[in-house]
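Read through the structure below, which is laid out as structure tokens, and then see the notes.
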Amino acid sequence: MRRGSRRRRPHEPATRPTVGRGRYSVKYIIPFEPGQTVPFRGRPRQIRLDPSLRDPLLLEDDRILLASPAGCSRLVEGWLRHEARLAFGEAVARHAAALGVEPRGIAIRDQKTRWGSASAAGRLNFSWRAVMAPPFVLDYLAAHEVAHLREMNHGPRFWSLCRGLCPETDAAERWLKAEGRGLHRYGREPMGAEG
Ligand SMILES: [Zn+2]
């Protein structure tokens, strides 16, 4: 399956939080397995085995500890999705309260070309991979989609709302352009080893 610039519709403005162009060669894939280092909330964390662990997974400082190597890819991705749901839930609630809007719901997905989207019905979608980025980036993505509940466009009023909710809007846009697509290297099994 390819991901690339062709999925980006030409009418979309460049400032949309897109994942970027290009596709990734298998050799750059970093699977979620012991020994690998993956980012979480902007900091590198090494995945390590700890058979004495009581829970299947524990985040401890800069280590993600796993009790067993069995099913580790699914386990780590499931944990990241869970953390993404919590972080986006908190950030969306905060920004929505500040703007006086009410989203209809939040879905966490693995969107290939977008970090987030908002439907006309008020549903917000986000990529779980944003939880690997620094917290201010996730906060910006939440602010961006919440601002769309007022302005369904990328005009000056939209950006004014967005920057009002998240003062780090411009820094986050820069981070996503420079680093965002690198987050798509993580967690995919090389050669389809696992579904
Ligand atoms: Zn947008």
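The numbers here are math on the coordinates, done by the rules we state, and not lab data. Quick caveat, the model's predicted, so the values are computed rather than measured. Counting neighbours? That spans all protein chains shown, and the Cβs are built from the backbone with ideal geometry, glycine included.
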Legend entry - Integer Hz, Karplus 6.51/-1.76/1.60 couplings in order for the stretch 36-47, x for Gly and Pro: 7, 10, 10, x, 9, 6, x, 10, x, 10, 8, 7
Inset, instruction - Give a residue-ordered list of calculated ³J(HN,Hα) values for the stretch 109-122 (Karplus: 6.51 cos²θ - 1.76 cosθ + 1.60, θ = phi - 60°; whole Hz; x for Gly, Pro). - result: 9, 10, 5, 7, 10, 9, 8, x, 7, 10, 8, 4, 7, x
Inset, instruction - For Ala133, list long-range residues whose amide hydrogen, built 1.01 Å from N in the peptide plane, is under 5 Å from its own amide hydrogen. - result: Arg41, Gly42
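Counting every Cα pair in the stretch 26-192, what percent are over 24 Å apart? Intermediate values should be presented prior to the final figure.
Values: 5246 of 13861 pairs.
The answer is 38 percent, as a whole percent.
Report the local net charge at Glu102: Lys and Arg +1, Asp and Glu -1, summed over other residues whose C-beta lies under 14 Å from its C-beta.
Numbers: positive: Arg94, Arg104, Arg123, Arg150; negative: Glu145.
Net local charge, Glu102 excluded: +3.
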Inset, instruction - Please turn the phi angles of the stretch 154-166 into ³J(HN,Hα) values with the Karplus equation 6.51 cos²θ - 1.76 cosθ + 1.60 (θ = phi - 60°), one per residue in order, whole Hz, x for glycine and proline. - result: 10, x, x, 5, 4, 5, 5, 4, 4, 5, x, 6, 9
Inset, instruction - Collect residues whose amide H, placed 1.01 Å from N in the peptide plane, falls under 5 Å from the amide H of Ile64; neighbours closer than 5 in sequence don't count. - result: Gln46, Ile47, Arg48
Legend entry - Amide H partners (placed H, <5 Å) of Ile30, local residues excluded: Tyr186, Gly187, Arg188
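Which order do peptides 98-107, 113-122 fall in by mean Cβ count within 10 Å, highest first?
Values: 98-107: 13.9, 113-122: 17.2.
In decreasing order of mean packing, 98-107, 113-122 become 113-122, 98-107.
Assign unit charges at the C-beta atoms only (+1 for Lys and Arg, -1 for Asp and Glu), then state the dipole size of the stretch 26-192 relative to its Cα centre in Debye, rounded to the nearest 20. Working shown, then result.
Numbers: 25 positive and 19 negative charges, 92 e Å.
My answer is approximately 440 debye.
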